[in-house]
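*Asks:* Just passing along the structure, written as structure tokens.
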Amino acid sequence: MIRVLETSTPELRDGVEVFLYPVQEGSSKVLFLFLSSRRRLRIKCKPAYAGLLKQFARHQPLASSMANVGLDLNNETINFISFLNNEGIITIQDPLETNLLPVNYVEQYKRQIYFLIDILKSPQKALEVQRKIFDAHITIFGLGAIGSAILLQLCMMGFRQFTLIDYAQIEADDIARTMYKTALDDGKQKTQAARTLAEETAFDPYVQTYDTTIKTTTELNDIIRKTSIIINTADQPYIGYTNIKLSRYALNRGIPLLVAGGFDAHLASFGELLIPHVTPCADCYATFFEDSLKNWKPIPHPVKERQGWFGGLGSLSAFSSSVATLKILSYFLDQVGDDKV
């Protein structure tokens with residue numbers, strides 16, 4: 001339990017709305033709405049404690065707040081204040097004050113950190129997760145509609161170190177499904193467009209690029225170095241082959257592999273996060289489907305002539321990339337206090 005003193009200065013935390021209902025039968029109902037996570041918390045308390053919440057909107061010592069509503073610093077009051085602090089409703093001290101991260105980085109990503117505080121209910125744990133994000137190195141194969149959108153959202157979460165791989169150039173029709181402005185740069189290498197995107201969005205970015213594709217002769221050790229997670233969105237030469245090659249490499253080195261959804265015909269799909277020794281690997285899936293679909297016969301596409309039809313849309317890319325990015329964040333949240341990331 002946090003130490004509560006009369007000289008403490010509890011304040012309502014930024015990002016939490018408080019709604020007080022009229023007193024009924026000698027008690028007050030209070031609704032707390034957490035804006036970042038949309039969490040709702042309802043409590044019933046004594047009217048004096050509801051009044052204390054109003055006092056916390058002022059920057060003043062606890063002694064002054066209690067005097068204004070007729071309360072003493074007894075066990076009941078301490079328990080109420082501790083409850084509010086543990087739920088992330090008030091702060092006894094600045095939750096963003098830390099030596100774990102640069103001050104400018106915390107300022108840039110404070111909404112993200114508050115979001116983590118709402119989930120973890122602990123400023124310390126939230127800052128530890130954000131530090132792991134700060135230190136992480138992400139390797140992305142494929143920088144088309146899905147890969148570029150994942151990169152953008154990772155930068156907005158606070159990731160800043162990337163290795164980016166793609167052999168292709170931006171084409172005019174990429175603009176329909178690509179979420180970043182450099183899709184307008186027809187003929188530019190995707191790696192260079194993605195580098196620009198990261199350097200304009202991330203905090204103190206570090207970006208390596210490789211204009212290549214995965215082949216049977218590709219030596220992944222020359223590309224993947226000290227990475228925290230590998231992301232595969234490359235649909236060339238074939239997503240199934242690239243996943244097998246990357247999965248075997250990642251499994252042997254204990255690196256998670258995100259097989260992102262949304263590529264080619266699998267628009268708005270979820271994708272899969274493969275965690276060594278926790279989830280099935282790509283070979284496991286391939287073996288399973290080889291057996292389960294051995295008698296399956298594909299049927300001809302009902303539309304014979306599809307030349308000129310529209311492909312993916314930006315909204316579909318946004319859905320798939322958002323799901324992928326949240327999977328990565330969930331992985332980091334599960335790794336609090338662990339050395340795997």
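The values are calculated or read from the model by the stated rules, or taken from the named source; none is laboratory data. A quick note: this is a predicted structure, and the numbers were derived from the prediction, not measured. Every residue, glycine as well, gets a Cβ built from its backbone with ideal geometry; the counts of neighbours run over all protein chains shown. When the accessible area is computed, the model is the full protein with side chains, heavy atoms only, and any ligands, DNA or RNA have been set aside. Shrake-Rupley method; radii C 1.70, N 1.55, O 1.52, S 1.80 Å.
*Asks:* Could you give the angle, 0 to 90 degrees to the nearest 10, between helix 123-135's Cα long axis and the longest principal axis of the Cα atoms of the chain?
*Replies:* With both axes taken from Cα atoms, the answer is about 30 degrees.
*Asks:* Just want to confirm a number: the relative contact order over region 157-242, from Cα pairs under 8 angstrom separated by 6+ residues, in percent.
*Replies:* 33 percent
*Asks:* I need the chymotrypsin sites (Phe, Trp or Tyr not before Pro) found in region 208-301, filtered to DSSP loop residues with at most 12 other beta carbons within 10 Å of theirs.
*Replies:* Y238, W296
*Asks:* Using a 1.4 Å probe, what is the accessible area per residue for the chain, in Å²?
*Replies:* 54 Å²
*Asks:* Can I ask one more? So how tilted is helix 145-157 from the main axis of the chain? Cα-based, degrees 0 to 90, rounded to 10.
*Replies:* 30 degrees
*Asks:* Here's something else I'd like to know. Loop only by DSSP, 11 or fewer other Cβ within 10 Å of the Cβ. Give me the GluC sites (Glu not before Pro) in region 16-114 that pass, ordered by residue number.
*Replies:* The qualifying sites are E25, E97.
*Asks:* Using a 1.4 Å probe over the heavy atoms of the protein chains, calculate the carbon and sulfur portion of the accessible area of the chain as a whole percent.
*Replies:* Ligands and nucleic acids excluded, carbon and sulfur give 52 percent.
*Asks:* A follow-up question, please. Could you check how many percent of all C-alpha pairs in the chain are farther apart than 25 Å?
*Replies:* Of all Cα-Cα pairs in the chain, 61 percent lie more than 25 Å apart.
*Asks:* Among S228, S322, S64, which one shows the biggest mean-square fluctuation in a GNM of the chain, springs joining Cα atoms closer than 10 Å?
*Replies:* The residue that fluctuates most here is S64.
*Asks:* Then there is this: For the chain, calculate the relative contact order in percent as a whole number, restricting contacts to Cα pairs under 8 Å that are 6 or more residues apart.
*Replies:* 14 percent
*Asks:* Now a separate question. State the dimensionless ratio Rg/Rh of region 1-140 (Rg: radius of gyration of Cα atoms; Rh: Kirkwood radius).
*Replies:* 1.03
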